[in-house]
Every structure is written in C-alpha cells, then in structure tokens.
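Just below is one structure, and these are the notes that go with it.
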2 protein chains.
Amino acid sequence: MSKINQNFLNLKENYLFIEIGKRIRGYTDKNPDKSIIRMGIGDVTQPLAPVVVEAMKKACDEMGVKETFKGYEDSGRGYLFLREAVAGYYKGFGVTIEPDEIFISDGAKSDSGNITDIFSENNIALVSDPAYPVYVDSSIMNGKNVIYADATERTGFAPIIPTNTKADIIYLCSPNNPTGAVFTKEQIQKWVDYAIFNKAVIIYDAAYEAFISDESLPRSIFCIESARKCAIEIASLSKTAGFTGTRCGYTIIPKELEFYDENGNSYNVLKIWARRQGSKFNGVPYIIQRGAEAVFTPEGLKQTRETIGYYMQNAEIMSDTFDELGIKYTGGKNSPYIWFKCNMPSWEFFDKLLTEKQIVGTPGAGFGKNGDGWFRLTAFGTRENTIEAMRRVKELLKK
Amino acid sequence: MSKINQNFLNLKENYLFIEIGKRIRGYTDKNPDKSIIRMGIGDVTQPLAPVVVEAMKKACDEMGVKETFKGYEDSGRGYLFLREAVAGYYKGFGVTIEPDEIFISDGAKSDSGNITDIFSENNIALVSDPAYPVYVDSSIMNGKNVIYADATERTGFAPIIPTNTKADIIYLCSPNNPTGAVFTKEQIQKWVDYAIFNKAVIIYDAAYEAFISDESLPRSIFCIESARKCAIEIASLSKTAGFTGTRCGYTIIPKELEFYDENGNSYNVLKIWARRQGSKFNGVPYIIQRGAEAVFTPEGLKQTRETIGYYMQNAEIMSDTFDELGIKYTGGKNSPYIWFKCNMPSWEFFDKLLTEKQIVGTPGAGFGKNGDGWFRLTAFGTRENTIEAMRRVKELLKK
C-alpha cells in the first residue's frame, strides 16, 4: 500500500494567497466596474532588459543549428560562462567566490525548498517570525522541527538571536521579505558567530540584494568573512533583472562548509548538494543561462539598474506617503517592500483597503503571528498605479 | 549542530559515468590523435525544430515589451496553453487526460527524483534491474527500501512481477532505458492489476514514447484504462523534440489517484503533489513553454518526427549490423537504444571497444547486476558516426 509522507499532513493550508484570491473575487463579483490596484504579490511589471532579450534570441538561433546546438550540460551546475559571470558580480562588491562554489538553479524558491533534502530530519530549523512561508513549509515537509525567532517593531523587525535554544539550520533573509528590514554587518556578524558556535548552517536568502544602494549594508552574507564556515547563500535574478517568469537563480556553497553525522564525523556540504542535484536536476535551459549571463555584462547591469531605479522611485513615493501620514513602517529604502503598521488586525485592514480604496496588499498575519497588525505593499507596480494607490491611501489614513 | 541526511551515506558513488570519463581520458591522453565516436550518453545531436526556435524567439520579444511581459505564472503548474497542447497530443493516440491533471516541469529527471518527496519513507520501492539510476538514488536519498524486479534475457528484459513481495511504489520505464525493451499492453495490464491489488502506485517513465512507431504498442500507461487508479506518468520533450538542453517535461497524475496514511485514510495524490510544487517550484520559463507548445502543433509534430525518423534510421543501421553479426539484442525498434550481449563482462568489453575501435558505449553493469554481459549503444549520434561506428563494430565482432 502506497503511503503518504505524513509530514505533509502537518502543513497548514496555504490560507494566505487562497484567502486573498477569494476575497478579491468576492469583491469584484459584486463590483465589476471598480478597477483594483494590485500591490500584493511580489511580482515585477517591467519588461526584461534589451541585452537580455537579444542574448536569449541569439541562443535560440544557436539551438536551431547543428554546429551550435546544446544538449545536456555536463555538470547540471550551470555553464562556466554564467558561474564566472556571477563570481564577477560578487567581485564587484568585494566578495570572492569561486565559480566551483556556484550552482545555477531555476530560482531561489526551488533551492530554498530543496536544500532541506540534504539535512537530516533531526535538525531544528530556526525561522524568523514573520517570514517567507517557503522556509517553514519545506522544513515541515521534510519532517524538521521548526522554532521561531521573533522579529518585532521593537527590534526594527530584525530577528532576535535565541539565547537558550540551539538551532541547527537558520533561515535568514535580507533585505527581508516581507518586512523590508535590512541587516547591518554587525547584525549578521552576530548570527554568524552564533552559527559557528553551534556548528549550525545559515541559509541566507539574498534574493533582494540588488535593491541595496547604501554601500555600508552587506549585499551578501559572505561580506562577513567567517560566514564561509557556516553559510549557504541563495539568490535569484527574479527581482534583480525581472526574471520571475524567466526563472534563473544561484546558490553558493563555500568549499569549506561542513555538516555532521550522528557520530560527529564531518561531511562536505558542497559535495552532497552536488550529488543531490546530479540525481534530481538537469540544469537550467541554455537559452536562459545566456540571458542571465547578459544581466552581468556592463550594459546588462546598466539596463537592469535602471529598472531597479524605477521600482525604488516607487518605493520612495510610498515611503514619502507614510512619512507624511506619520505611520510607522520598515523597508522602502534598500528594499522594494513597505511594511507598515495598520493599527488593526491585518485581515480587517485588508478588507478596508480593498473595499474602500480598491487596493490589494498582503496582510502581515499571513507571514506569522508577529506580522499581525502590519501590512505589506510592494513597489513593483507601475508608476501610475503607485501614485494613484498612494493618493487613495492618503485619503483613507489621513487623520 | 547541523546534521547530514544520513540516507545520502547509503548511496553508491556514481561510478558509472565517473568511471567512463576516467577511462576515456586515460585513453585519449595516450592516444591524442585517435578520433572517438561517442555512443554512450543518451544525448541528442540534432538541432531544435525551426517552429520551436521561432516560437521561443517570439516569446523572447514578448518578454522585452511591457504589455506582453510575463512574470510569475499563477499556478506554477504550467500555462494552460501548454497543458492543453499536451492533452491534445495524448488525444492523438487515444488517451484522454484533463489539462488539470498535467504538471509542466523542467524535465523527467527532476520529477522522477522529486516525486518520492510526497511518499512516506515506509514505502517499499520496486525498481527493475537493470534500470535508470535516478529511481534507485532518489528512493535511497528519501530513506526508502528498494527491492528489485529482475529483467533478463529470458524475459526479453521485461521485469518479472514479484509473487511474494508487495511493493508500494513501482518504477516502470517503456521504451526502456537502458534495454530498449517496450511493454505490450498485456504486460502493462499485469503490472496495473498487481498495483491495484496491492494499492501501490506505479511511476511510469514514458520519456521515450515518441520512438514507438508500432501502433499496437502503448505510448502511455493510460492506454490501459484502469491505470488511472494506480499510475503517475512522467514524460519529457528531451528525446521527443531534442530538449535535453532546453528543459521541459510533464507529469500526469489522474484526479482519482489516492494514497494512504498509517490508519488507512486516503489522500488525493494530485493535491499533495500540487502542494509540494507550490512550495518548492515556480514553474518553467515562459519562453520554454512557448517552445514546447510549438512542438505539439501540426508543423511541430511534422518537424520533430523527421528528427526522430533520422535517429530511428540510425537505429535501423545498428540493428541491421547486429542481425548480420548474429548477436542477440533488444531495442533498436520503437526505441533509440540498442542493448546487446557482449559475451564478456561489460567493463571488459567497454575497454576493448574503446581501445581497439575508439567507440564509447555504456557498460550494462552500470545499470544493475542483470546488466553485466550486456552493453548499450545509442542511436542519437550523427548518420556519419553511426555508419562508421557500425563498420568498426563489424570488424571487431565478425566471427
């Protein structure tokens, strides 16, 4: 008799987005004439950079000609041209990563979810509250115990390092989804020290690093040198270059990173991940890898930074609005998210914003208990919609 | 302390391809002037069909324009246009599948590997011997017990249904990699009956279905109607349309398929897989999905069938050679693989073929104990190389 992985029965229903969808449909069915501004899901709206499109079209042509056709990639880890481009990108902000430490993936979500495969069920996973739901869900699916680090208004939504529990795997995300909070070097250093002391591994989600413009803030956990002993970094071109529908990311595992068996023997994490990927993954399309490579050329960086600049101007329009209203928020600087205090239960505010002002956002409660009373809006919309939404928000929240 | 998933320590080193690579290098280092014909790895050599290239280039252009840009796909299960195209393709050989039962993936390897995630460790996985190594490796990584069904010369390399053990998950592959054997409807029906009787789930790998030209042979397990109660089918465009480096496949889970918890309560497999994919996967690039859609248009089918015809002519040249030599083999008809009896240990024959005739194949022993004494060659090479290789094989094996 085929048996279900019972860990799946411990998952909460994904109420958040189902519930959001249901409430939107409920409203639009009754109000078909109202135009809704969507600032809920963290999806981008601006097109791919011209250099990326050109590189991919060239690669399509190569695939149509026998002499330049590409079949299986030898390693499935990503073509060297792209791994070198990623290494060069890191070099640009002062971090040295070897191309052999980089695994090209179809996105940060896949790798954040799959990385738990190589860790025993007998690990305690620490996740901040609030957090991106994938860390919790994939840990639960793999039978791990999940504990939470509170991130609250008092700490500026930086998660608090536990003093009396030892986590084995620690998920951190900066710039944070959903709170927009960004770690300082000093804050990360403390987590790195905690991880090294406990022989824990930090899974560092840097999917929003490209939004950091303040040069004093770290864009990678590997800006902290000792992090090579305790961290895996997962990043993506989804937000950096609008690849949400183009699918390309990368995971960095330092060669010296180790984990342990029950007898305390150590094993190389990079080698075990390579074995996992070798058996369960066959790489990213050649065409997409050529597009990703183009992102890291000087022209590609220029073009994608213009788009990031566009979103960050949206973020500025949004933070100016909340500043003017005197409402507390995090994010909006070095982050495409604005996370603000809505002074009522998040779902109640959701309904109010939808029905009174036809704006969809994401209730903070959907990211964990500490998110209740808070609300997330994204800067990924168009300029027109952002301006119009802020006009409506002002009407709603002006005292 | 972060702990390794100890199941990984039970994996065998992937000797097969490492060892092949090592022996080739050893030979070419000493004989740099010899030109080697590679018939080892099952990778294709012919370019993508023109309609596929055009569809992808058009999609690249769409991604560069705001009005037609595509971000996240709502479901991550694949665009409806592609799921409908796959359903239409199945219709073409008489099988009805709903688009809602289809999950678009980045390839059969990922899904074959990841599908074990949703099954409890307490399942016995049955794998034929010989078999594609991913079934065994991914089952072991997930802590499952693996048992084997012998497939030998005596049965024409059809795996023998166990009479005294109950498997919970059964991996079947037809046309088979590596043996080229193809199930008849009667053979599959027996496995389906066995699976239904034992409430087991069959994972049916149909990656090579497009090579079946004999209309009496089933191209899908769902040609057997009752299979909807017990089977998942995994397929791919890798061999159908030369997508080994373009990455697109699909998995079919009938709505009525169920599995069970420890108390015998039933759960819907499709829903649980959707939950897994929802948390750990974000879909296939829009550009690639448009390319895949083009495969299933009348012009796409015509163009890709021409390429399959080219490979099958290679297969014919190969089977003619082995017929002429009076050497026993399976495959070569309705399959791109020729699996022949080499009358000595597989690795010994590997060395002989490499050093005396500069041809690389795959030793059958690498696929399981029943593979020893057998050898796999692929029809995916160019015509010139195939003809030349067969000339050399004749020289080597003529009595």
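The values are calculated or read from the model by the stated rules, or taken from the named source; none is laboratory data. Quick caveat: nothing in here was measured; it's all calculated off a predicted structure. A quick note on method: Cβ atoms are made from the backbone with ideal geometry, for glycine too, and the neighbour counts reach across all protein chains shown.
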**Request:** Please specify each residue of the range B:106-130 satisfying the condition of being more than 7 Å from every other protein chain (Cβ to nearest Cβ), of a type in the set (S, T, N, Q) and within 14 Å of the chain's Cα centre (by Cα).
**Result:** B:Ser112, B:Ser128
**Request:** Quick one: B:Ser335 ticks every box in (1) buried (at least 20 other Cβ atoms within 10 Å of the Cβ); (2) touching a strand residue (DSSP E or B) at 6+ places or on another chain (Cβ under 9 Å) except a single one, so which number is it?
**Result:** (2)
**Prompt:** From the list A:Thr378, A:Thr307, which residue is β-branched (Val, Ile, Thr), within 30 Å of A:Val53 (Cα to Cα) and surrounded by fewer than 24 Cβ atoms within 10 Å (Cβ to Cβ)?
**Reply:** A:Thr307
**Message:** Quick check on the range B:160-182: of everything there that is hydrophobic (A, V, I, L, M, F, W, C) and touching a Phe, Trp or Tyr at 6+ places or on another chain (Cβ under 8 Å), which residue is surrounded by the fewest Cβ atoms within 10 Å (Cβ to Cβ)?
**Reply:** B:Ile161
**Prompt:** Considering the range B:141-180 alone, what residues qualify as being aliphatic (A, V, I, L, M), closer than 19 Å to B:Ser120 by Cα and in contact (Cβ under 8 Å) with a residue 40 or more places away in the chain?
**Reply:** B:Met141, B:Ala167, B:Ile169, B:Ile170
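Against the definition (at the interface with chain B (Cβ under 10 Å from one of its Cβ atoms), in a helix (DSSP H, G or I) and closer than 23 Å to A:Ala158 by Cβ), how does A:Ala195 come out, yes or no? Quick ask: steps written out before the conclusion?
Working: at the interface with chain B (Cβ under 10 Å from one of its Cβ atoms): yes; in a helix (DSSP H, G or I): yes; closer than 23 Å to A:Ala158 by Cβ: yes.
Considered against the rule, which asks whether it is at the interface with chain B (Cβ under 10 Å from one of its Cβ atoms), in a helix (DSSP H, G or I) and closer than 23 Å to A:Ala158 by Cβ, A:Ala195 comes out as yes.
One line per residue, one yes/no per condition, for (1) within 12 Å of chain B (Cβ to nearest Cβ); (2) touching a residue at least 60 places away in the same chain (Cβ under 8 Å):
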site	(1), (2)
A:Glu225	no, no
A:Ala231	yes, no
A:Ile234	no, yes
A:Lys239	yes, yes
A:Gly245	yes, no
**Message:** I'd like the residue in the range A:22-49 that is in a helix (DSSP H, G or I) and over 25 Å from A:Tyr311 (Cα atoms) and, out of all such residues, is farthest from the chain's Cα centre (by Cα).
**Reply:** A:Lys30
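Matching residues to (1) among the hydroxyl-bearing types (Ser, Thr, Tyr); (2) more than 9 Å from chain A (Cβ to nearest Cβ); (3) crowded, with 20+ Cβ neighbours inside 10 Å:
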{"site": "B:Lys3", "(1), (2), (3)": "no, no, yes"}
{"site": "B:Gln6", "(1), (2), (3)": "no, no, no"}
{"site": "B:Tyr27", "(1), (2), (3)": "yes, yes, no"}
{"site": "B:Asn31", "(1), (2), (3)": "no, yes, no"}
{"site": "B:Asp43", "(1), (2), (3)": "no, no, no"}
{"site": "B:Asp61", "(1), (2), (3)": "no, no, no"}
**Request:** Answer yes if at least one residue in the range B:80-89 is of a type in the set (Val, Ile, Thr) and in a helix (DSSP H, G or I), and no otherwise.
**Result:** yes
**Message:** Residues that are acidic (Asp, Glu): list the helices (runs of 4 or more DSSP H) wholly contained in the range B:267-330 that include at least 2 such residues.
**Reply:** B:298-325
**Request:** Determine if the range A:338-350 includes at least one residue that is at pLDDT below 95 and of a type outside the set (Lys, Arg).
**Result:** yes
**Request:** Read through the list (1) crowded, with 24+ Cβ neighbours inside 10 Å; (2) of a type in the set (Val, Ile, Thr); (3) closer than 21 Å to B:Lys333 by Cβ, then give the number of the only condition that B:Thr251 fails.
**Result:** (3)
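Condition first: small (Gly, Ala, Ser) and either modelled with pLDDT under 95 or over 21 Å from B:Gly245 (Cα atoms) (or both). Now tell me which residues in the range A:85-107 satisfy that. Don't jump to the end; show me each part of the working.
Of all residues in the range A:85-107, those small (Gly, Ala, Ser) come to A:85, A:87-88, A:92, A:94, A:105, A:107.
Residues satisfying the conditions are A:Ala87, A:Gly88, A:Gly92, A:Gly94.
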**Request:** Taking the options B:Lys57, B:Lys12, name whichever one is surrounded by fewer than 17 Cβ atoms within 10 Å (Cβ to Cβ) and within 13 Å of another protein chain (Cβ to nearest Cβ).
**Result:** B:Lys12
